[in-house]
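Reading through the structure tokens given below for one structure.
Bear in mind these aren't lab numbers, they're just calculated from the coordinates by the rules spelled out. The shown structure was predicted, so the numbers you read here are calculated from the model rather than taken from an experiment. Here the Cβ positions follow ideal geometry from the backbone for every residue, glycine too, while neighbour counts run over all protein chains shown.
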Amino acid sequence: MTRIENENQYNWAVERVEQLLPLVNDNTPETDTHFIELKLLSDLVADYSEENFAIGNPKLSDVLQLRMYELGLNQKKLADLLQVSQSRISEYLTGKSEPTLKVARTISQKLNISSDIILGV
């Protein structure tokens, strides 16, 4: 098998990987048949998963809401922290507006949010 073509093959490969995991550890030689099979099947499963079950990048509005929850911030407190208006925060949360570069930098630094998420990369 050079590629997993469908969900049945994927399910079989995942089950086989689970059977092989207890048979291979850090001390297993790379020439061991179980090691080789596990490596090959793991790569095939990963490729199929990435192609068919990709989650995608989170939206800034979702990450902002999560970070607000985690830090116990409401829109007013977030606006004060980022030195923008509450209406601007509302626009960020609804996706109606994107932050300026200066505000994006502040969001990244003060809320520890990746610049990739802020810039939509």
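So which helices (runs of 4 or more DSSP H) stay within the range 1-104 end to end and still have 1 or more residues that are within 30 Å of I117 (Cα to Cα), under 20 Å from the mean Cα position of the chain (by Cα) and in contact (Cβ under 8 Å) with a residue 12 or more places away in the chain?
On the way: elements: 7-20, 33-52, 60-71, 75-82, 86-94.
Those helices (runs of 4 or more DSSP H) span 33-52, 60-71, 86-94.
Would you check which residues across the range 105-121 are surrounded by 11 or more Cβ atoms within 10 Å (Cβ to Cβ) and in a loop (DSSP other than H, G, I, E, B) and list them? Within the range 105-121, I113, S114, L119 meet the criteria. If you go through the range 28-80 and pick out every residue that is surrounded by fewer than 16 Cβ atoms within 10 Å (Cβ to Cβ) and among the aliphatic types (A, V, I, L, M), you end up with 7.
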